[in-house]
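One structure is given below, encoded as structure tokens.
The values are calculated or read from the model by the stated rules, or taken from the named source; none is laboratory data. Bear in mind that the values here come from a model prediction, so they are computed numbers and not experimental data. Using ideal geometry, Cβ is built from the backbone for each residue, glycine included, and neighbour counts are taken over all protein chains shown.
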Amino acid sequence: MSTTVQPAIITNAARLAGIVQAVGRRSADVPRRWWESALVFGLSLVVYTWIGFRVVAQLHIVNYDILDRMNRALMVWHNNPAKMSAIGFDYPPLQTLLISPLTIFRLGVDFLVVIPVASAFFAGLLMMYLNTMMRRTGIPVFLRIALLVAFGLNPLVVLYATTGSPMMIWLAFLVASVGALYAWYITADVRFIMIGGLAFAVAGLSGYTTLLYFLLAAVGVGAILAHLGADGTEVEGTMVGFASPAIYVVALWTGFNLLLAGNPIYWITSAAPTTTDIEQFTALGLLRWTGELVLFGAPLAILVLPALLFVGLGRNNPFAVLLSLMLTLSILTPAMSVLLGLTDSPMAMENAVPILVMSVIGALWLARSAGEGAAAISGLLALALVASIPWTFQGMRTYKYQNLEKVFTQGILSGESQEGATTKGGQTITLDPALDMGQWIQENVDATGSVLTDNSATYAVMLFSGEPELFFDRIDKSDGPWLQAAKNPVKADVDYFLLTTDGDDLLSEQYPELLSSGELTVVYSNAEYAVVAVPADFAGLTEASAS
Amino acid sequence: MTASIQRSSSRRLTEGVESRVATLLPEGICRTFRVMPYAVVDDQVLVAASDADDEITLQVVAERVDAPVVLVRHTANEIVAAIDDVYPPIEDELETVEERRTRIQMAQMLTRSGLITNEQLQSAMIQHARSGDPLGDILVADEAISEDILVAALSEIHQMQRVGLRDFTPDMEVARRLPEPIAQRHQVLPVADADGTLLLAVQRPLSPELLEEVEEAVQQPVRQLLANRIDLDELIQKVHGEYYSELATSFLMENAPEISAHRVFSTPQKVGGIGFLVLVAICMVFEPMKTLIGLVTLASVIYLVVSVYKFRLTLRALGTHLEIEATPEEIAALDERTLPIYTILVPLYKEGNIVKRLVRDMNALDYPRTRLDVKLLCEEDDVETIEMIKSMDLPPHFHCVVVPDSLPKTKPKACNYGLMVARGKYCVIFDAEDRPDPDQLKKAVIAFNRVGDNVACVQGKLNHFNQDQNLLTAWFANEYSMHFELVLPAMGASESPIPLGGTSNHFVTSILRELGAWDPFNVTEDADLGIRLHREGYRTAMIDSTTLEEANSQVPNWIRQRSRWNKGYYQTWLVHMRNPIGLLLKIGPKDFMSFNLTMGSAYVLLMNPIFWSLTTLYVITQAGFIQALFPGLVFYMASAMLFVGNFVFIYLNLAGSLQRGEFGITRTALLSPLYWGLMSWAAWKGFIQLFTNPFYWEKTEHGLDEEEH
């Protein structure tokens, strides 16, 4: 007989034998329960939106960052012409892009509904991811509910989940990313690496801080795989799968910055404060305020961090080490931002929210690592979270570096509008003038591009008018044409100037005496804004005018 | 374990079988070797044996019992009664007395004459114990003896005359007296008429019932002559080859012309296509910009919808494991006596160089060779391959099937031909260079047993064994990983019409025949067949078993193969969209969309170069007219596809490889856009060929992987 060739087929099973993340070696994941996830998400969304509507519309406590982003999102759909570049390079792009669906219809903007939804939606996602993580931890349903409620009612969380804070966007995706790694470590299923990688990419363009977590996670994944006995090919392949989405989005964003802003790292440098009037800190000061931030905002971290290190190093639990490093990063980030000069609101209390979230995730991992003690640790976690509610609430009233925290507590306690109230940082809460001016423009201006304004100062008016196409702003055709139009508004078919009454806008800088000189007619004004009519014979800043 | 023979023992089988040892040996071993473990005495397992002196029996038992064994002589009746107690007999599966006698005679004849060794006999006996197949067939399949020796032995045992059919020239009138279906089914053929008695070549003596059936069919007495199975098979093909060939070519065309690709475009399609082009031309004259914007919008919408559909499928597959799985335990628990005959169709053309490897890989399948029916389908003009096969003197589970030379000379026609001579309950196609997972056939059998009756096809996964050869093969492996690990399992799970892969699709043979099998005029007959199965209410399931193929490692060869695939996709789309309303009503809106979006991917490949050129041109020149082509929403759609969609597809390529555990080629997935460029090149080639040479089969050259050199 002639055919005797030795079989050389490598079966799938043989091929996968040495692979840590092979199908046969994977632990079973918790069964999918989409309805539970949908329920947690839906309930959180409804509750935060409801609270948010009361806080924003009735108490007038609104995160100003969101107004600018929302205005840009409105321009994405309704500017003339609609343009993607309205997103700009000043903020992480997804902070605007991801809320842009809320502005497809203008109606929601008029009634302030979309502002709380912008943060409540992502807070809902965050709660959903936390719930899934709790299921993977093996926490029984009643304890899950208690934990979610205790965490969800933390006043800091409520503030940022209801007032449109863009932080909720990146935080939701950060939790999704860490949650995917959590699932990966439990199941060894490489799918979660991919999901984690994609989530980090989205989170990275929603908040640049996430990129630091990503770097930690990448190192952690590689180290864990090596620790589990994976060979170089598996580590490399996994790292490619994990890192490529984040690297792609960073490269893409850098490319856009180079092409359109002329500076590939403009997205980093633009985060630097524009004002020099920022408090300087000593090393000791930074240490002190970091401690206070943790103490008032996320006291749970004080317990969780050493416990994670103990479990991680003492019991050979590499994922606990990774989580402890992430928690440490969240604690150190505010101080690092100050040291690197990347923030204009140093040591702000909002920085405590990521610390709190990372502490909760760390505590969940501790519970899972405790085996049969998981329920007991979860119970303790719930108690700690409940206890921290009044503690943090009080901290929000006293902590020095903050935004709307104190005003929020005042509003909650009194139930009265905070219009005109002053924040601890000295900022006055004013929403009515923007609403009022937006309404006036909506009712009295028809011509597209006829209101010249510096959108970086008047974004709230533009937003509340619901008609960004009426404005000739710096985004429409970039700064050059806008300055030309400012100099010769008639040539640019401008009928009105919209200025701030305190002169803190680029148009007022061009015409510093405009409001006081009476040269042009102020057709409408309020405490914050004024609209000035531009007559057909107005020479502006052209040579004719100068002469 | 140690073993010894003891002619008697104080403890006898008649005192009963201890339950803890009763099933130490499988039923097949007990019945074949007439042995029965029945007690443990002094830590030794007592095994009743009718032939306690037989060394083979002792060795077989000792190898299977994890304790010292003692064979104790008992009568056959005592042992059979005990076996029947432990394993209640199923009449159809029991060896008859006649069969047993034949087996023993055969074993004695072959061993005494020194034609086989004790080891060969032992191995064959064990296989017989598992499968119940005739000992002689097993020995031939294992290449321990030749078919001629077996025929001689059977002739001696049954006292039946032999006939040599090699180089025999049949009298067609005589040969065709017996209707082809009977000849094919029983592998018999009239070879001569001797004074009113028809001399019938048979592969094995016919039972009285079968003999009666044959005599009734030919209306005359019949005398059986034993023949070599290989020679007889070739002779049947020679006698009925023309009929097979005609049927292989024209069955579908004549019985279901509306779904045959022998016509590329139907008249309404021609009118519609030309009408659309004229309309576009007119619009271009009057409103060129608006027309271009309209076309760009249409293209963008197609892009978006196809991409979203594919993305949704892959996401679904990423979340779960959607293929039908069979565990090693389930496979081990399969009773081989119940395994059906499995036909393997292997179309070959100018591939003599890889026949040895093919035979090796087919023999490595974990399936009783005696139940394999491997059809090596060769074209008549491919003398080199035919001679190579013949020179290898293959055992009779390999059949060299020579397809008569006729047009169209395509793989589907060869497969149709092979299907007509197939004997298996199930059949599967493998390409010559394929290396299926050894347990794939058993997994397919398990899958067929597990799924509903409407599942007519089970598709195995495909991937490549030479993925590390070069960048092209790595890209190919990335693509296949995504397609077979993510896309197809998701389509299978959602019961969408699946464009079948070229090989490793396992069919229920009878259903396949009923449907007219493959369309010989379609150059992606596999994809087309998947859709036709779906149209007729049948479904395709995926199994978690992989066949490794040779990835094309040379660009020109790859382009040829891929252009054929794309042309076939266009053909398939055109065939099934001849009557879109009818198709919609027949398969429902969900599957109608799925079909169009799946086939639509071939059209997207045509659009790619246009959009890439526009983007590049815009980046370089910032030309205003290009910007004008993408107003508002169209711009957002196009941007989303450019920046998000492209990356997502790159990533899904990577995800497929990760899901499969092929970590070494994840890097190359990041360069997929270059591969897409090649895909578009091939798509355009295929598209142009659709008009210039629609039925031309771009042959792929195999055996280019480095391992062979």
query: Could you say which residue among B:L629, B:L633, B:L652, B:L671 is more than 30 Å from B:S266 (Cα to Cα) and under 30 Å from the mean Cα position of the chain (by Cα)?
result: B:L652
message: Based on this model, can you work out whether A:V490 counts as crowded, with 18+ Cβ neighbours inside 10 Å, farther than 21 Å from A:Y64 by Cα, in contact with an Asp or Glu (Cβ under 8 Å, 6 or more places away or on another chain) and in the same structural domain as A:D537 (by TED's automatic domain parsing)?
response: no
Those residues of region B:367-386 which are farther than 25 Å from B:T249 by Cα and not in a loop (DSSP other than H, G, I, E, B), in sequence order: B:R369, B:T370, B:R371, B:L372
query: Just checking, how many residues over region B:673-709 are modelled with pLDDT of 90 or more, of a type in the set (S, T, Y) and surrounded by 16 or more Cβ atoms within 10 Å (Cβ to Cβ)?
result: 2
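Listed here are the residues, each with its yes/no results for (1) free of Cβ contacts under 8 Å to residues at least 40 places away in the same chain; (2) in contact with a Phe, Trp or Tyr (Cβ under 6 Å, 6 or more places away or on another chain); (3) of a type outside the set (V, I, T).
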{"site": "B:T385", "(1), (2), (3)": "yes, no, no"}
{"site": "B:M392", "(1), (2), (3)": "yes, no, yes"}
{"site": "B:C400", "(1), (2), (3)": "no, no, yes"}
{"site": "B:A414", "(1), (2), (3)": "no, no, yes"}
message: Show the residue pairs meeting these rules: Cβ distance below 9 Å; 6+ apart or different chains; first residue within region A:62-86 and within 13 Å of another protein chain (Cβ to nearest Cβ) and touching a residue at least 12 places away in the same chain (Cβ under 8 Å); second residue of a type in the set (D, E) and not in a loop (DSSP other than H, G, I, E, B).
response: A:M75/A:E469; A:H78/A:E469; A:N79/A:E469; A:N80/A:E469
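Is it the case that B:I56 is without any contact (Cβ under 8 Å) to a residue 24 or more places away in the chain and of a type in the set (V, I, T)? Reasoning before the result, please.
On the way: without any contact (Cβ under 8 Å) to a residue 24 or more places away in the chain: no; of a type in the set (V, I, T): yes.
For B:I56, the condition - without any contact (Cβ under 8 Å) to a residue 24 or more places away in the chain and of a type in the set (V, I, T) - is not met.
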- request: Among the residues of region A:205-217, write down those that are out of contact with any Gly (no Cβ under 8 Å at 6 or more places or on another chain) and over 23 Å from A:G255 (Cα atoms).
  value: A:L216
- prompt: Restricting the search to region A:190-212, which residues are assigned to a helix (DSSP H, G or I) and more than 14 Å from chain B (Cβ to nearest Cβ)?
  reply: A:A203, A:T210, A:L211, A:L212
Residue that is within 14 Å of chain B (Cβ to nearest Cβ), more than 27 Å from A:R397 (Cβ to Cβ) and modelled with pLDDT of 95 or more, where the choices are A:T187, A:T132: A:T132
message: Considering only residues that are touching a helix residue (DSSP H, G or I) at 6+ places or on another chain (Cβ under 7 Å) and within 14 Å of B:L154 (Cα to Cα), which ones fall in region B:101-123?
response: B:T102, B:R103, B:Q105, B:M106, B:A107, B:M109, B:L110
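Among B:D66, B:D85, B:D54, which is the only one that is surrounded by 12 or more Cβ atoms within 10 Å (Cβ to Cβ) and modelled with pLDDT under 85?
On the way: B:D66 fails: surrounded by 12 or more Cβ atoms within 10 Å (Cβ to Cβ); B:D85 fails: modelled with pLDDT under 85.
Of the residues listed, the single one that is surrounded by 12 or more Cβ atoms within 10 Å (Cβ to Cβ) and modelled with pLDDT under 85 is B:D54.
Matching residues to (1) more than 30 Å from A:N12 (Cβ to Cβ); (2) at pLDDT 85 or above:
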{"position": "B:L292", "(1), (2)": "yes, yes"}
{"position": "B:L298", "(1), (2)": "yes, yes"}
{"position": "B:Y303", "(1), (2)": "yes, no"}
{"position": "B:V308", "(1), (2)": "yes, yes"}
{"position": "B:T314", "(1), (2)": "no, no"}
{"position": "B:A317", "(1), (2)": "no, no"}
{"position": "B:A326", "(1), (2)": "no, yes"}
{"position": "B:E330", "(1), (2)": "no, yes"}
{"position": "B:A333", "(1), (2)": "no, yes"}
message: Can you list the helices (runs of 4 or more DSSP H) lying wholly within region A:458-547 that have 2 or more residues being farther than 24 Å from A:D432 by Cβ?
response: A:479-487, A:506-510, A:543-546
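If I filter region B:388-399 for residues that are closer than 23 Å to B:G460 by Cβ, crowded, with 17+ Cβ neighbours inside 10 Å and either more than 14 Å from chain A (Cβ to nearest Cβ) or touching a Pro at 6+ places or on another chain (Cβ under 6 Å) (or both), do I get at least one hit? Spell out the reasoning first.
In the first step, residues of region B:388-399 are kept if they are closer than 23 Å to B:G460 by Cβ; the result is B:397-399.
Then drop every residue that is not crowded, with 17+ Cβ neighbours inside 10 Å, which leaves B:397-399.
If we keep only those that are either more than 14 Å from chain A (Cβ to nearest Cβ) or touching a Pro at 6+ places or on another chain (Cβ under 6 Å) (or both) as well, we get B:399.
The answer is yes, given that some residue of region B:388-399 is closer than 23 Å to B:G460 by Cβ, crowded, with 17+ Cβ neighbours inside 10 Å and either more than 14 Å from chain A (Cβ to nearest Cβ) or touching a Pro at 6+ places or on another chain (Cβ under 6 Å) (or both).
For region A:219-234, enumerate the residues that are assigned to a helix (DSSP H, G or I) and either away from chain B (no Cβ under 11 Å) or surrounded by 19 or more Cβ atoms within 10 Å (Cβ to Cβ) (or both). Walk me through it before giving the result.
Kept after step one, since they are assigned to a helix (DSSP H, G or I), are these residues of region A:219-234: A:219-228, A:232-234.
Result: A:V219, A:G220, A:V221, A:G222, A:A223, A:I224, A:L225, A:A226, A:H227, A:L228, A:E234.
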task: Report whether or not B:V458 is touching a residue at least 60 places away in the same chain (Cβ under 8 Å) and in a helix (DSSP H, G or I).
output: no
statement: Residue hits (region B:161-206; free of Cβ contacts under 8 Å to residues at least 60 places away in the same chain, β-branched (V, I, T) and outside any helix (DSSP H, G or I)) are B:T169, B:V188, B:V191, B:T197, B:V202
- request: Can you tell me which residue within region B:422-458, out of those that are in contact with a Leu (Cβ under 9 Å, 6 or more places away or on another chain) and of a type in the set (K, R), is farthest from the other protein chains (Cβ to nearest Cβ)?
  value: B:K442
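For the condition of a type outside the set (S, T, N, Q), surrounded by 14 or more Cβ atoms within 10 Å (Cβ to Cβ) and closer than 23 Å to A:F464 by Cα, what is the one hit in A:D502, A:D495?
A:D495
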message: Within region B:400-415, does at least one residue satisfy the condition of being of a type in the set (A, V, I, L, M, F, W, C), within 14 Å of chain A (Cβ to nearest Cβ), under 13 Å from the mean Cα position of the chain (by Cα) and not in a helix (DSSP H, G or I)?
response: no
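Hey, which of the helices (runs of 4 or more DSSP H) in region B:468-563, taking only ones fully inside, have at least 3 residues that are modelled with pLDDT of 90 or more and touching a Gly at 6+ places or on another chain (Cβ under 6 Å)?
Values: elements: B:471-482, B:488-493, B:509-514, B:525-535.
Those helices (runs of 4 or more DSSP H) do not exist here; none qualify.
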query: If B:E212 satisfies every condition in (1) of a type in the set (D, E); (2) outside any strand (DSSP E or B); (3) surrounded by 15 or more Cβ atoms within 10 Å (Cβ to Cβ) but one, which is the exception?
result: (3)
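Filter region A:58-79 down to the residues that are assigned to a helix (DSSP H, G or I), of a type outside the set (D, E, K, R) and surrounded by fewer than 24 Cβ atoms within 10 Å (Cβ to Cβ) and list them by number.
Our first condition is that a residue be assigned to a helix (DSSP H, G or I); within region A:58-79, this holds for A:58, A:64-78.
Then drop every residue that is not of a type outside the set (D, E, K, R), which leaves A:58, A:64, A:66-67, A:70-71, A:73-78.
Within region A:58-79, A:Q58, A:Y64, A:L67, A:V76, A:W77, A:H78 meet the criteria.
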query: Looking only at residues in region B:309-366 that are within 14 Å of another protein chain (Cβ to nearest Cβ), assigned to a loop (DSSP other than H, G, I, E, B) and farther than 30 Å from B:V648 by Cα, which one is farthest from the chain's Cα centre (by Cα)?
result: B:T327
message: Looking for something without any contact (Cβ under 8 Å) to a residue 40 or more places away in the chain and within 11 Å of chain B (Cβ to nearest Cβ) - is there at least one such residue anywhere in region A:34-43?
response: yes
